[in-house]
Amino acid sequence: MMKTMLLESAAQLPLPHPALSSLLAQKSAVMAEALTRRMEMHPDLETLIGPGNRGLMATNHINHFEYISTLVSLYDPASFVETVLWALRTYMSRGFAAGYWHAMLPEAQNTAKEHLQQDEYSRISPLYTWLCSHIADFVVISGSTASFYESLSSIQREKHGGAN
């Protein structure tokens with residue numbers, strides 16, 4: 001799947017209600033801790049995150065739930081897709097394997113389901129269902145395409161022989 005197809009698909013997602021943002025922000029630290037505990041029980045954790053990356057994984061879980069809380073109030077399909085691409089590229093450069101997201105995202109979804117009321121969870125579950133169904137696409141695209149954010153960097157342009 002090409003990035004443009006992901007963008008078109010993300011544009012079709014039902015928009016969660018922006019009022020959910022503050023609730024998610026209030027619960028993001030608790031959900032991040034719960035997700036980290038879940039992932040620490042994974043039998044192949046070191047293979048998924050790379051050696052010495054447990055702290056980075058916990059930080060990612062905090063960032064994940066904080067991002068989701070912001071996403072529901074300021075949903076934009078393009079920034080959503082670009083942020084996921086950037087996150088994958090960033091964490092994979094630090095030793096995380098693609099399989100981490102195949103394990104983490106369903107666990108994040110389960111964590112949200114446990115910490116939210118059913119009607120609250122039903123508003124964000126389409127985001128997780130979509131992410132889980134497209135993680136393989138993101139992995140393929142991130143392996144060959146820089147995110148929009150990276151393309152803005154003068155460091156990225158210098159690395160590839162471009163002008164500042």
Odd one out for Leu74 among (1) surrounded by 14 or more Cβ atoms within 10 Å (Cβ to Cβ); (2) assigned to a loop (DSSP other than H, G, I, E, B): (1)
Taking into account only those residues within the range 84-126 that are of a type outside the set (Gly, Ala, Ser) and outside any helix (DSSP H, G or I), which is nearest to Met57 (Cα to Cα)? Phe96
Being out of contact with any Gly (no Cβ under 6 Å at 6 or more places or on another chain), under 22 Å from Gln26 (Cα atoms) and among the β-branched types (Val, Ile, Thr) is true for just one of Thr129, Thr59. Which residue is that? Thr59
Sort out which residues of the range 84-96 are open to solvent by 30 Å² or more (accessible area, probe 1.4 Å) and either touching a Leu at 6+ places or on another chain (Cβ under 7 Å) or touching a residue at least 24 places away in the same chain (Cβ under 8 Å) (or both), and write them in order of number. Trp86, Arg89, Met92, Arg94, Gly95
Filtering the range 32-53 for residues that are assigned to a helix (DSSP H, G or I) and surrounded by 15 or more Cβ atoms within 10 Å (Cβ to Cβ) leaves a count of 10
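So which residues in the range 1-22 are crowded, with 16+ Cβ neighbours inside 10 Å and within 24 Å of Glu114 (Cα to Cα), if there are any at all?
Quick first cut of the range 1-22, residues crowded, with 16+ Cβ neighbours inside 10 Å only: 3, 6, 9-10, 16, 20-21.
If the condition is that a residue be crowded, with 16+ Cβ neighbours inside 10 Å and within 24 Å of Glu114 (Cα to Cα), then Pro16, Leu20, Ser21 are the ones that fit.
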Somewhere in the range 103-124, is a residue within 14 Å of the chain's Cα centre (by Cα), farther than 16 Å from Leu45 by Cβ, open to solvent by less than 10 Å² (accessible area, probe 1.4 Å) and not small (Gly, Ala, Ser)? yes
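Identify, from the list Lys3, Lys27, the residue that is more than 24 Å from Val140 (Cβ to Cβ) and in contact with a helix residue (DSSP H, G or I) (Cβ under 6 Å, 6 or more places away or on another chain).
Numbers: Lys3 fails: more than 24 Å from Val140 (Cβ to Cβ).
Only one candidate qualifies: Lys27.
The values are calculated or read from the model by the stated rules, or taken from the named source; none is laboratory data. Since the model is a prediction, treat every value here as computed from it, not as a measurement. Reconstructed Cβ throughout: ideal geometry from the backbone, glycine too, with neighbour counts over all protein chains shown. Remember, those area values only see protein heavy atoms, side chains included, never the ligands or the DNA or RNA. Shrake-Rupley method; radii C 1.70, N 1.55, O 1.52, S 1.80 Å.
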